[in-house]
Structures are given as C-alpha cells and as structure tokens.
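Trainee: The following block contains the structure, expressed as structure tokens.
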Amino acid sequence: MQRYSGFGLVKHALDHHENWQRIWRNPKPKDHYDVIIVGGGGHGLATAYYLAKEHGITNVAVIEKGFLGGGNTGRNTTIVRSNYLWDEAAHLYEHAMKLWEGLSQDLNYNVMFSQRGVLNLGHNLQDMRDIQRRVNANRLNGIDSEVLDTQGVQEIVPHMDCSPNTRYPVLGASWQPRAGVARHDAVAWGFARAADAMGVDLIQQTEVVDLIVEDGGIVGVETKQHGTIKAGKVGCVVAGNSGVLAKMGGFRLPLESHPLQALVSEPIKPILDTVVMSNAVHGYVSQSDKGDLVIGAGIDGYNGYGQRGSYPTIEHTLQAIVELFPIFSRVRMNRQWGGIVDTCPDACPILSKTPVENLFFNCGWGTGGFKATPGSGHVFAASLAKGEMHPLAAPFSIDRFHTGALVDEHGAAGVAH
Amino acid sequence: MLHIYCPYCEEHREEEEFHAKGEAHIARPADPDNTTDTEWGDYLYFRKNPRGLHHEMWVHALGCRKFFNVTRHTVTYEILETYKMGEQPTQGADA
C-alpha cells in the first residue's frame, strides 16, 4: 500500500497526480474464505480491517451488493459521541470514541474527525433532570460530559435563539467536548483501503441471495453474481436488510426497518462550529467543512425499505431547526435523502451469535450506528475470531429479548423511534 | 406523501392525519401466565419486517381516532388495501 504523506503529495504533484495507486484491488472471489463479511458499509469494513490487523485473519471477503459505503455509511449525519446512559452502551460507544481519536493515523487516511463537541438541549425541567442524570452517569463511566445552563449554551452557540420567549425555551444542555463529526465516506474508504492492503478481498456488486446452512451450521453464502462462496464463519453487517438475511438463516430478529431522512443546505459561510441536537423539538444540525448545514431528525413511522421518506417528516425537521435558529429560515435546502435504519425495541444494537452455528449478526444500530463504526468493527472482529462474543458485545446478544435484560437507550438516542 | 383511505371515515386523507402502529394481526398469548420466556419475548419484540407486502396497523389519530389495518408494499410504499379491525386481508402471502 502506498503510504499517504505530505511528502508524497508534493512528489505526486511533480508528475501531475497521474501516478497515484488505486486505493484497493477489485478481485475475483475465491472459492473459500475463513470469514465472509456480508455488507460493505463502515461496520463491515471495520470488522474486516480489525480481523486482519488484530487477529491475523486475512483470508477474508467483504461482500457488498452495491458499492462500498453506499448505504447508511454514506447517508448519515456523521455525528460521533459517546454520552449514553447505561454502562453497557456507554462502554461500547466510548470504546469506539477512543478508536476514533487515533483513527486517521491508524488507517493512514484522513477521516476528518473533528472533535467540535455535541450539545443535547433540554427544553423543560424533566429534560434537565434527565440530562443531569445522564451526565452524572457518563462521568462515573469516565466519559467527558457537562451540564450547561442557558447562558453556557448561548456562549457556545451565539446564533441559537436561547431567549425565554420561544415556544420551547432552551433551559440548558449536556455538553460532550470530545464528541464531534467525521467524514463518513472517508471512514468507509479508509477502512477498505487498509483492509485491502492486508489481503482482504472487497467484492462489490455481488448480492447474497441465500445463506447455506448444513447441520445447523453456516458453510457459505450463495451469491447472485458469483455463485456459491464457502466460508468457515459468516458475519452479517447489513443494517436495514438484516431481517431479510435472518430469514434466509431461518430465524427472526426483533428489528423493524424504517426510513430515516437527512438533508443538507446550500453551502454558507461558517456559522455553527459545534453539533446541536434536541430531542424535544426534534432535530439536529451541524455544519460540514464544505459549509452546508447537515440536518436530520426522526424516522418515518412506518416500516420501509425504499430509501426515501415522506415530506411531512422533512417539514417537521425544518420546523424544529428554524425554531432553534430563526437565522436559518431563508437558507435553501440542496439535497435530501433517506437511509434504511434497523431499529431495535431498546434503541441498542445487536452484536450476537445466532441459532445458526458460526453465523454472527451485527445489526440493530438503528439511527445511531455511524458513531460506533470503529468500536463495532473492533469488538465484532474479536467475536468472530474467537467464536465467543467480546465482553463489550456480550450484553447486546439477541437473547436479551427473551431474558428481558434490555439496555434502554431511548433517552440518549438522538432520534425518537 | 401517502394518501390513505380510512375504512371508518370512508374517505382518503393525507398521511399526516395518521400514525403507523406496526405489524398487524399479532395475537396476545391466550394464557400469559403459562407462556415461556421465549414465547413472551417473541410476542413482545420479534416482528416479520418483510421486504415486500406488509400487513400493518394504523390509527386515524387526527380523524375518527380508530385503528384499522393496511396492506402496504414496504419498498414501493404502495397501499393495496385498507380494512377494519377484525377483518382479514385479501392481498399478501398470508391473505
């Protein structure tokens, strides 16, 4: 793999940037792999990367039906934070946060991780009590978190309407300074490039149409384009389509797939240097390095796989944003899109073994999977390598929906569902 | 925006008057005291979530406030039929 550096940039400038190496190969699939990862999004690629890097398992294929990072990895609003309430979730997301902090160096690929802080606003007394509880829980778990009052919020975001005359006045917020945003495409590409360099085969434009199960164990996958590919272990990391793959394996998941929409505005001059989220008026906004406002809000209430949503949801989202930032009322929106999120009843992911031996699922990240990308890949790779779930992943087994040990994170999830 | 026919109001209305309420025809276990954890968990949390035709409940929240059922395609979002509670669908795999 050609290493990227400032020196390299100068060197390539001399020959007009015509000799850059392709950043990954485009191999024909082999007949057999030790591990097949179904789904070439951020989580799948991270899993492949950590399998190769940490566990020396390089006979790995990532099978993607479209192109790498073309699903929710390229459709989210890029927010990274770890201020979750319960110990299980907080440890998992904080594990990811620590990996984020060294990720660009680790991958030799700039993921543009910018720790610009995240505000979760409170608009009534109960919001503020919940915020205090969550901030205290975060601090006990070693996660940086503070409670701010109205004045403190106003100082960080001078353009936000924090006056007492609004319909839902801002009473304060939780503030995680280490949180921020990262460039979503770069995360997928960085993991893909680094995994490819260690020998992982990235197989795009290949759809898995069946899971081949013999004697209660997985032996391979059937693909539409390349026929049967055998595997020792299979990890499914397919977000919204997890239910479809589970059905191929002969079991059900406690997931429902919903469209989640986001939109970006026309590029404007720097106005917002942090991330603002509000569960009560229900919207979140940040500004990208390009200058566009990146805006998101709630899922569409109905089940859907259509990668698009309804107009009323967009309208409610923008109402919330304009309520918080009247100054944005005349900013025009440029693009809008939808992704398919796999929501779990407790707003926490599923990292689990399945009733089929050697078949593992990493799904149910719902509306908040991007922030966990490196952590999710790291613990899922360890679980696949050892055949036993990593201690950080163990509480997120499918079994919790039968034992009742749910990890209810609806309060800390940014999106109501 | 979806345009939904309420079988009670007998009119098409806009999506904003309605709320989706998830999978339809889920029967509560007849004898809750004697169900296993597996049966109870399946009843509470596990859903079909099909990529295709889906029978689901909606409520006409800003209208008659009644619940009813819809057969809808989850990729095209096309609504094939709406029918009252207690009735059975005429479209779909388990029709």
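The values are calculated or read from the model by the stated rules, or taken from the named source; none is laboratory data. Quick caveat: nothing in here was measured; it's all calculated off a predicted structure. Cβ sites come from the backbone with ideal geometry, for glycine too, and all protein chains shown count toward neighbours.
Trainee: Determine whether A:E388 is of a type in the set (D, E) and in a helix (DSSP H, G or I).
Mentor: Working: of a type in the set (D, E): yes; in a helix (DSSP H, G or I): no.
When the stated conditions are applied, A:E388 does not pass them.
Trainee: Regarding region A:106-122, can at least one residue be identified that is surrounded by fewer than 24 Cβ atoms within 10 Å (Cβ to Cβ), out of contact with any Lys or Arg (no Cβ under 9 Å at 6 or more places or on another chain) and either without any contact (Cβ under 8 Å) to a residue 24 or more places away in the chain or assigned to a helix (DSSP H, G or I) (or both)?
Mentor: No, the conditions are met nowhere in region A:106-122.
Trainee: Kindly indicate the residue of region A:213-262 that is among the charged types (D, E, K, R), closer than 22 Å to A:D399 by Cβ and touching a residue at least 24 places away in the same chain (Cβ under 8 Å) and also surrounded by the fewest Cβ atoms within 10 Å (Cβ to Cβ) among those meeting that condition.
Mentor: Among those residues, the one meeting the criterion is A:K233.
Trainee: Would you pick out the residues in region A:340-367 that are crowded, with 23+ Cβ neighbours inside 10 Å and of a type in the set (G, A, S)?
Mentor: Selection gives A:A347, A:G364, A:G366.
Trainee: Sticking with this structure for a sec: Within region A:134-170, track down each residue that is among the charged types (D, E, K, R) and either in contact with an Asp or Glu (Cβ under 8 Å, 6 or more places away or on another chain) or not in a helix (DSSP H, G or I) (or both).
Mentor: First, the residues of region A:134-170 that are among the charged types (D, E, K, R): A:134, A:139, A:144, A:146, A:149, A:155, A:161, A:167.
If the condition is that a residue be among the charged types (D, E, K, R) and either in contact with an Asp or Glu (Cβ under 8 Å, 6 or more places away or on another chain) or not in a helix (DSSP H, G or I) (or both), then A:D144, A:E146, A:D149, A:D161, A:R167 are the ones that fit.
Trainee: Identify, from the list B:Y77, B:Y8, B:Y45, the residue that is hydroxyl-bearing (S, T, Y), touching a helix residue (DSSP H, G or I) at 6+ places or on another chain (Cβ under 7 Å) and either surrounded by 15 or more Cβ atoms within 10 Å (Cβ to Cβ) or modelled with pLDDT of 95 or more (or both).
Mentor: Details: B:Y77 fails: touching a helix residue (DSSP H, G or I) at 6+ places or on another chain (Cβ under 7 Å); B:Y8 fails: touching a helix residue (DSSP H, G or I) at 6+ places or on another chain (Cβ under 7 Å).
Answer to the selection: B:Y45.
Trainee: Just one of B:N49, B:N69 is away from chain A (no Cβ under 12 Å) and not acidic (D, E); which is it? If you could, list the steps in order and put the result at the bottom.
Mentor: On the way: B:N49 fails: away from chain A (no Cβ under 12 Å).
Selected residue: B:N69, the only one of B:N49, B:N69 that is away from chain A (no Cβ under 12 Å) and not acidic (D, E).
Trainee: So, in region A:10-49, exactly how many residues are under 13 Å from A:A192 (Cβ atoms) and not small (G, A, S)? Walk me through it before giving the result.
Mentor: At the first step, the residues of region A:10-49 found to be under 13 Å from A:A192 (Cβ atoms) are A:22-27, A:37, A:39-49.
Add one more test, that the residue is not small (G, A, S), and what stays is A:22-27, A:37, A:43, A:45, A:47, A:49.
Of the residues in that region, 11 qualify.
Trainee: Among the residues that make up region B:16-24, is at least one of them surrounded by 14 or more Cβ atoms within 10 Å (Cβ to Cβ), aliphatic (A, V, I, L, M), in contact with an Asp or Glu (Cβ under 7 Å, 6 or more places away or on another chain) and at the interface with chain A (Cβ under 10 Å from one of its Cβ atoms)? Explain how you work it out, then say what you get.
Mentor: Step one: of region B:16-24, the residues surrounded by 14 or more Cβ atoms within 10 Å (Cβ to Cβ) are B:16-24.
Subset that is aliphatic (A, V, I, L, M): B:20, B:24.
Retained after the next criterion (residues that are in contact with an Asp or Glu (Cβ under 7 Å, 6 or more places away or on another chain)): B:20, B:24.
This time we only want the ones that are at the interface with chain A (Cβ under 10 Å from one of its Cβ atoms), so: B:20.
Looking for residues that are surrounded by 14 or more Cβ atoms within 10 Å (Cβ to Cβ), aliphatic (A, V, I, L, M), in contact with an Asp or Glu (Cβ under 7 Å, 6 or more places away or on another chain) and at the interface with chain A (Cβ under 10 Å from one of its Cβ atoms), one finds at least one in region B:16-24, hence yes.
Trainee: Moving to a separate point now. Quick check on this structure: which one of B:T82, B:T35 is over 12 Å from the mean Cα position of the chain (by Cα), farther than 24 Å from A:V341 by Cα and within 14 Å of another protein chain (Cβ to nearest Cβ)? It would help to see each step written out before you state the result.
Mentor: On the way: B:T82 fails: over 12 Å from the mean Cα position of the chain (by Cα).
Within the list B:T82, B:T35, the selection yields B:T35.
Trainee: Considering each of A:S265, A:S310 in turn, give the residue that is more than 14 Å from chain B (Cβ to nearest Cβ), of a type in the set (G, A, S), within 30 Å of B:E16 (Cα to Cα) and surrounded by fewer than 23 Cβ atoms within 10 Å (Cβ to Cβ). Quick ask: steps written out before the conclusion?
Mentor: Working: A:S310 fails: more than 14 Å from chain B (Cβ to nearest Cβ).
Just one listed residue meets the conditions, A:S265.
Trainee: Of all residues in region A:80-89, count the ones that are within 15 Å of the chain's Cα centre (by Cα) and part of a helix (DSSP H, G or I).
Mentor: 1
Trainee: Same structure, new question: Search region A:241-255 for residues being in a helix (DSSP H, G or I) and either β-branched (V, I, T) or farther than 16 Å from A:Y305 by Cα (or both), and hand back the single one that is nearest to the other protein chains (Cβ to nearest Cβ). Show your work before the answer.
Mentor: As a first pass, look at region A:241-255 and keep what is in a helix (DSSP H, G or I): A:241-249.
Remaining after also requiring either β-branched (V, I, T) or farther than 16 Å from A:Y305 by Cα (or both): A:244, A:248-249.
On the way: A:V244: 5, A:M248: 12, A:G249: 14 Å.
So the residue we want is A:V244.
Trainee: I've got another one for you. Restricting the search to region A:165-192, which residues are charged (D, E, K, R) and either crowded, with 23+ Cβ neighbours inside 10 Å or modelled with pLDDT under 95 (or both)?
Mentor: We begin by selecting, within region A:165-192, every residue charged (D, E, K, R); these are A:167, A:178, A:183, A:185.
The one that is charged (D, E, K, R) and either crowded, with 23+ Cβ neighbours inside 10 Å or modelled with pLDDT under 95 (or both): A:R167.
Trainee: Pull up region A:28-57, narrow it to residues that are assigned to a loop (DSSP other than H, G, I, E, B) and out of contact with any helix residue (DSSP H, G or I) (no Cβ under 9 Å at 6 or more places or on another chain), then point me to the one that is farthest from A:R75 (Cα to Cα). Write out each step before concluding.
Mentor: Within region A:28-57, the first condition is being assigned to a loop (DSSP other than H, G, I, E, B), and the residues that meet it are A:28-31, A:39-41, A:56-57.
Next, from what is left, pick out any that are out of contact with any helix residue (DSSP H, G or I) (no Cβ under 9 Å at 6 or more places or on another chain): A:28-31.
Values: A:K28: 28, A:P29: 28, A:K30: 31, A:D31: 33 Å.
So, considering only residues that are assigned to a loop (DSSP other than H, G, I, E, B) and out of contact with any helix residue (DSSP H, G or I) (no Cβ under 9 Å at 6 or more places or on another chain), the one farthest from A:R75 (Cα to Cα) is A:D31.
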